[in-house]
Amino acid sequence: MLRSRRFSPATAATVLIATAVVLGSAPASAYADTPLPVPTALGTSPAPAGGASGDACGAEAPYGYIGLDDVIFSATASWANDPQAVSMEFDVVGDNGSAPLDYTEPAVSGSPASLHLPEGDFTDGTTYMWQARTVDSTGASSAWSAPCHFIADHTPPPQPVVSSTDFPSSGTGPVPRTTGTITFTLPGGTAGDATRFYYDLDGSPSVSTGTPEYDDISSGNSWVPVNPDGTATITITPTLAASNWVDVQTMDRAGNISQPVHYSFSLGWPTPDVNGDLNGDSHRDLVAATSAGTLFDLFGNGDGTVQPARTFSNETTDWSPGLIAQSGDYNGDGYQDILRINPNGVVVEDVNNGLGDFNEEVVANWYRADGTDWSKTTQFVLPGPVAGADTSNLVTVENNQLLLWTAGRFGLTDGGTPTVLDAKFKGWTVITPGDVNGDGLPDLLLRDNANGKLKLALGQADGTYGAPSTWRTVGHGFSSKKYRLIVSVGDANGDGTADLYAVTTAGRLVFIPGKPGNTFGSPVTLTTTGIDWTQVTSLA
Ligand SMILES: [Ca+2]
Ligand SMILES: [Ca+2]
Ligand SMILES: [Ca+2]
Ligand SMILES: [Ca+2]
């Protein structure tokens, strides 16, 4: 009779509740030939941390911890049909004698049903057991699920003391780009329940105020595990001149974090890097942008060879569409920067942090007098500073004209109108070897793409280069059929002559050493760069 589909729902509910009381167990549904389903896949968000099972339920002791945060309980059940609106009942019971938290939430067959309770519903140090069951509108219910557990931990961990002999908090430390250590120490000589120190070097100051929150850690921060004695040591390479800082917060097993500690230290000023050196080791380096949008650094070894190409994961710029050029420090911090024509046809400055990491882009004042942009530029190079200067004039090719733009740290000068160096530059490539004749003025190499001749144009005191008729042939065999890309970063092997790097049409990077008298030696293939040179679209 209890399972009759013609039975009155109201009567059935009454009978079922009475039966449940009498029998002390959950009755079957009045409307299905099978009992209501027992929920499975129980879990909380956040999941309990630091417990035995490591799952989201906490089935077995020792139970895990949930910190200062709201808790979302979820459970799933499936049923064939739903004539009487099956829903999910959650029952959460603390071991501190407080009233159970019992709520019934809507449910959909096969999908998680959830209950969201605020962090204020939970008491620090209390162990909670919770279960779920399905119920329908007749009052019928399934058996309870197997119990889940967690312990509420609302006590944030202590702040660490920050110390460093390499980077002392008073006085002036070493020069930027010195690698050294900083130590975090918790009071009492023990980790307690602290698990991690989150830290950020020279980042935005942490915004935590008042009660520390569970999830205030910025996603970009690094972390180290806390040793049993409550300490951890990090190794860093700060790059800013003068003022640097580290922000650190302790995290405990439940995910609670301490208030931040702000540790500031002062460094000296870097000696400005030479042109072409992107990482401060005095060796000339290359940068290569690919069609996939990646920028690779190829740090020179000082002998013309380069190290395997490397990228920096924090560079989010899409480098694929634009031309890049290097030579000059455009923000005055002593580190060599990159200029780039971005996809909008705008010249931007990509700021080097001193390690070859260009993660900050500045839209500066590279405005042309006629109001047009740089989208028609087909070649884009920086010849290098006049001796004693930080920044370089700009040379471009546009409409088959070789153009000189006088420029400084803050962009184009002289009103943003170019000087035409050669009005018939079709089929030529401009290369920037720096000052090859030692007069302090940067010179140019010009390649005839078809016949492979290299010509030298000496820089003049007024910044120009003399008419093409004065360019002197200094090399042969450099045709574009052989070398798809060809550049110079000056003297890469330290013998006093400007050298060349080229990408062959077969997809290899070669080093071509300069020889006395402005001639060139045999190309040397560099085989250990680790990148596909057929994908490189711009080299500088
Ligand atoms: Ca270097
Ligand atoms: Ca710079
Ligand atoms: Ca010169
Ligand atoms: Ca050389």
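Label 7 Å along Cα→Cβ of Thr473; the range 510-525 residues with amide nitrogen under 20 Å?
Inside the label zone: 514-523.
Sequence neighbours fewer than 8 away in the same chain don't count; with that in mind, list the lysines whose C-alpha is under 20 Å from Lys481.
Hits, sequence-local ones excluded: Lys426, Lys453, Lys455.
Report the chymotrypsin sites (Phe, Trp or Tyr not before Pro) located in the range 359-451 that are in a DSSP loop and have at most 15 other Cβ atoms inside 10 Å of their Cβ, or state none. Write out the running numbers ahead of the final one.
Working: sites: Trp366, Tyr367, Trp374, Phe380, Trp405, Phe410, Phe425, Trp428; in loops: Trp366, Tyr367, Trp374, Phe410, Phe425.
Those that pass, being in a loop and sparsely packed, are Tyr367, Phe410.
How much length is gained on full extension from Ser78 to Ser163, taking 0.36 nm per residue of separation minus their Cα-Cα distance? Write out the running numbers ahead of the final one.
Working: separation 85, 0.36 × 85 = 30.60 nm, distance 5.68 nm.
Computed gain between Ser78 and Ser163 is 24.9 nm.
With a ≥ b ≥ c the root eigenvalues of the C-alpha gyration tensor of the chain, is it rounded (a/c under 1.5), prolate (a/b larger than b/c) or oblate? Don't jump to the answer; show the numbers that get you there.
On the way: a/c = 3.64, a/b = 2.33, b/c = 1.56.
Prolate, because a/c is 1.5 or more and a/b exceeds b/c.
Label points 7 Å out from Cα along the Cβ direction at Asn399 and Thr519: separation in nm?
4.1 nm
By the scheme Lys and Arg +1, Asp and Glu -1, what is the net charge of all other residues having a beta-carbon under 13 Å from that of Val224? Each step should come with its number before you reach the end.
Values: positive: Arg196; negative: Asp200.
With Lys, Arg at +1 and Asp, Glu at -1, the neighbours total 0.
Going by amide H atoms built from the backbone, whose H comes under 5 Å of the H on Ser538, apart from near neighbours?
Answer set, sorted by chain and number: Ala289.
Amide H of Leu323 versus every other amide H placed in the peptide plane: which residues, excluding those fewer than 5 positions away on the same chain, fall under 5 Å?
For Leu323, the qualifying residues are Ile341.
What trypsin sites (Lys or Arg not before Pro) in the range 379-437 are in a loop by DSSP, with at most 13 other Cβ atoms within 10 Å of the Cβ?
When the trypsin sites (Lys or Arg not before Pro) of the range 379-437 are filtered for loop state and at most 13 Cβ neighbours within 10 Å, Lys424, Lys426 remain.
I'd like the distance separating the alpha-carbon centroids of the range 348-381 and the range 444-520, in whole Å.
Value for the Cα centre distance between the two parts: 24 Å.
What's the center-to-center distance, using Cα atoms, between the range 66-111 and the range 135-204 in Å?
Taking the Cα centre of each part, the range 66-111 and the range 135-204 sit 31 Å apart.
Could you give the size of the charge dipole of the range 365-425 about its Cα centre, using +1 on the Cβ of each K and R and -1 on the Cβ of each D and E, expressed in debye and rounded to the nearest 20? Walk me through the numbers on the way to the answer.
Details: 4 positive and 6 negative charges, 11 e Å.
Taking the Cα centre of the range 365-425 as origin, the dipole is about 60 debye.
What are the ³J(HN,Hα) values, in whole Hz, obtained from phi via the Karplus relation 6.51 cos²θ - 1.76 cosθ + 1.60 with θ = phi - 60°, for each residue of the range 511-520 in sequence order, with x given for Gly and Pro?
Coupling constants for the range 511-520: 9, 10, x, x, 10, x, x, 6, 10, 9 Hz.
Helix-derived [θ] at 222 nm for the chain: sum -39500 (n - 2.57) over DSSP H runs of at least 4, divide by residue count, nearest 500?
Value at 222 nm, helices only, nearest 500: -1000 deg cm²/dmol.
For the chain, give the magnitude of the charge dipole about the Cα centre (Cβ charges: +1 Lys/Arg, -1 Asp/Glu; no others), in debye to the nearest 20.
That gives a dipole near 2200 debye.
Would you calculate the separation in nanometres between label points at Thr528 and Thr464, each defined as 7 Å from the Cα along the Cα-to-beta-carbon direction?
About 4.8 nm separates the two model spin labels.
How much of the DSSP beta bridge set in the range 27-174 is antiparallel, as a percent to the nearest 5?
95 percent
Based on the Cβ-Cβ distance of Ala85 and Asp121, what FRET efficiency does E = 1/(1 + (r/R0)^6) give at R0 = 25 Å, to the nearest 0.05? Before the final figure, lay out the partial values.
Working: r = 26 Å, r/R0 = 1.05.
It comes to 0.45.
Considering the options Pro158, Pro343, Asn353, tell which one lies farthest towards the positive end of the dipole of the chain, charges being +1 on Lys and Arg and -1 on Asp and Glu at the Cβ, about the Cα centre.
So the residue we want is Pro343.
FYI, it's all coordinate maths here, none of it is from the lab. On a predicted model such as this, the values are computed, not experimentally measured, just so you know. Reconstructed Cβ throughout: ideal geometry from the backbone, glycine too, with neighbour counts over all protein chains shown.
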